[in-house]
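Everything on this sheet refers to the single structure shown next.
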């Protein structure tokens, strides 16, 4: 079985790992040539200008995300260090390597959100508050249709950190499932 | 009450109708009298009662609740007064549950005797049952139509036919010479219907006739489906003012609900507007334009018999537009999942003509709607297997509770691109451009210079498993129109058991299942008949 994402310590290197789904597991790998970067509020244009030094940039306006192209392997470590610096300066909200699902060959963007469904039972709110307190995560929104399901936000994640958080949540007794709220590529 | 008669030792079940009765007229010009009675009743009865009113020769067929075995005196009050005296007897009416058509048991039985049967043996048999030959067949020398020599108050045609059949050393077959109701398999008046080979394949342009979903025959049983059955199109939006869709767009029954005609999960600032909105040159590119869902909606349920464009397989059902993409092939998983859950609140059938990486939340959403949709009977979720020419079925088609739909071409073979393998449930007709086969004609964005066809509100080059999927969803909607109480599993079982085992040799079906075709290509006619008989 591929190693857990915690072993993918260098996001600029290709790395393969498995994710638990409700019906079995899937395997994904990082796409080191592409980095998804979310700009901090009102700083999109500035970030775009700053990132151009690292490589070509494509804007996905509807999602507020930039896709940074790092085709030259030699430039990747420096680019990632720069992203970390920009995050500390408050220009970058989060950055993660693009992922590729090996089953479908489709790409996925790891955002700063995790979808969590608590096991059925009374007092979901109390259990949610308890979970937030223990994990330090923030409630982004409640699911409109499933009362015990929530989207939680991780504060300024970097690299594959969100995968680790989702994996950790998924093992908790009170959680039915936890999965990164990926932005998925769609085939039609 | 159930009756059975035999044809070639095969038992044909019939149900005696409690609500239909046939009246026979006698005397001079009895046919004219029957027609006159029909015209008068047609003019004076309410439109809702007219479907039961028919005339054939001297027999008038009436639908009167509870009048199943009534005598003339009982139904006389319904007949035009001046003509009552000419009505001399009633006939029982049976219903064929397969077709829903009615059969009037007049006093005649068709009998074919075995070769070499002597005249004396024939006469002995007929005399013993008080039957006499009414006429001989001009085309089959051993076949005659017989009638009872005395007419009791009710027809015994079914019973007598069965008794004749028992003499199988003499009789090859005997069957009541029913006066049978029929439905004309009229083509819809939609001008593009002839191009819609997936509905009725006539074998033109190198296609093989009959390689279709048997739509005409299905519509004879359940014409277009019910407006109470809703098909959700979860995609990049549906043009709700399209001239051939607007009549069938779902309207929220909750007064004042903001989601009047569906929801938009792609752009939450326009959450209640599911129309396509993003268009960018080149305007026929699916990846950058909201043009896909409108085509899918048309395949499922474009309006029919409205003298416009083409029509959908379930042209009487409703379309629920649920938008999840906007001008890009990217979508957050929680929005996709919620779109499915929203669809599950309002729709009976959900059509998903797209694929994404497998994801726990989307898996959960499908499980949710299958479990809780339709008041617990479960929504049916149809998903495209994908167009990658792969032996692996895409997600969510691979979800164990979704129905993965692949594509077959107009010659009844798997379309080259159509993904197959574990998880494919069945196939439905679609394009196969790699083999030069015909594509699908359906609704397209009607705005000028937008959509697959720049100058038309109809695309003639749609296809892929994207088209096969709403076609399958529409067939499920017809099944539910026929019998709304079925669970999702029951509908699935009907669709699987009635699918045609196309391309039997290459398909390598084992226990009725093929990795190429699943349980076969959907047959709408057989499916609605199976639903009817449950």
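The values are calculated or read from the model by the stated rules, or taken from the named source; none is laboratory data. Since we're looking at a predicted model, the values are computed, not measured. Note that each Cβ is placed from the backbone with ideal geometry, even for glycine, and that neighbours are counted across all protein chains shown.
Just one of the listed residues (B:169, B:236, B:200) is without any contact (Cβ under 8 Å) to a residue 60 or more places away in the chain and either assigned by TED's automatic domain parsing to the domain that holds residue B:379 or touching a helix residue (DSSP H, G or I) at 6+ places or on another chain (Cβ under 6 Å) (or both), namely B:200.
Here's the yes/no breakdown for (1) within 7 Å of chain B (Cβ to nearest Cβ); (2) in contact (Cβ under 8 Å) with a residue 24 or more places away in the chain; (3) in contact with a strand residue (DSSP E or B) (Cβ under 8 Å, 6 or more places away or on another chain); (4) surrounded by fewer than 22 Cβ atoms within 10 Å (Cβ to Cβ):
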residue: A:144; (1), (2), (3), (4): yes, no, no, yes
residue: A:156; (1), (2), (3), (4): no, yes, yes, yes
residue: A:162; (1), (2), (3), (4): no, yes, yes, no
residue: A:171; (1), (2), (3), (4): no, no, no, yes
residue: A:179; (1), (2), (3), (4): yes, yes, yes, no
residue: A:183; (1), (2), (3), (4): yes, yes, yes, no
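Under the condition of being at the interface with another protein chain (Cβ under 10 Å from one of its Cβ atoms) and surrounded by 24 or more Cβ atoms within 10 Å (Cβ to Cβ), which residue from the stretch B:306-329 is modelled with the lowest pLDDT? Step by step, filter the stretch B:306-329, then rank; the result is B:325. Inspect the stretch B:275-284 for any residue being more than 30 Å from residue B:498 (Cβ to Cβ) and crowded, with 24+ Cβ neighbours inside 10 Å and give the result as yes or no. Among the residues of the stretch B:275-284, at least one is more than 30 Å from residue B:498 (Cβ to Cβ) and crowded, with 24+ Cβ neighbours inside 10 Å, which makes the answer yes. Among the strands (runs of 3 or more DSSP E) confined to the stretch B:119-184, the ones with at least 3 residues that are surrounded by fewer than 17 Cβ atoms within 10 Å (Cβ to Cβ) are located at B:131-136. Taken together, the criteria exclude residue B:374 from residues that are in contact with a helix residue (DSSP H, G or I) (Cβ under 8 Å, 6 or more places away or on another chain), more than 14 Å from chain A (Cβ to nearest Cβ) and within 25 Å of residue B:197 (Cα to Cα). Restricting the stretch B:252-272 to residues that are part of a loop (DSSP other than H, G, I, E, B) and free of Cβ contacts under 8 Å to residues at least 12 places away in the same chain leaves a set whose member that is farthest from residue B:318 (Cα to Cα) is B:256. Taking each residue of the stretch B:501-526 that is in the same structural domain as residue B:417 (by TED's automatic domain parsing) and assigned to a helix (DSSP H, G or I) and looking for partners that are modelled with pLDDT of 95 or more and surrounded by fewer than 16 Cβ atoms within 10 Å (Cβ to Cβ) with beta-carbon atoms closer than 8 Å, six or more apart or interchain, yields B:507/B:501. The criterion of being within 10 Å of chain A (Cβ to nearest Cβ) and in contact (Cβ under 8 Å) with a residue 12 or more places away in the chain does not hold for residue B:418.
Screening residue B:346 with (1) more than 8 Å from chain A (Cβ to nearest Cβ); (2) crowded, with 24+ Cβ neighbours inside 10 Å gives one miss only, at (2). One residue stands out among those in the stretch B:98-118 that are in contact with a strand residue (DSSP E or B) (Cβ under 6 Å, 6 or more places away or on another chain) and assigned to a loop (DSSP other than H, G, I, E, B): the one that is modelled with the highest pLDDT, which is B:114. Among the residues of the stretch B:244-259, those that are closer than 25 Å to residue B:456 by Cα and touching a strand residue (DSSP E or B) at 6+ places or on another chain (Cβ under 9 Å) comprise B:244, B:245, B:248, B:249, B:250.
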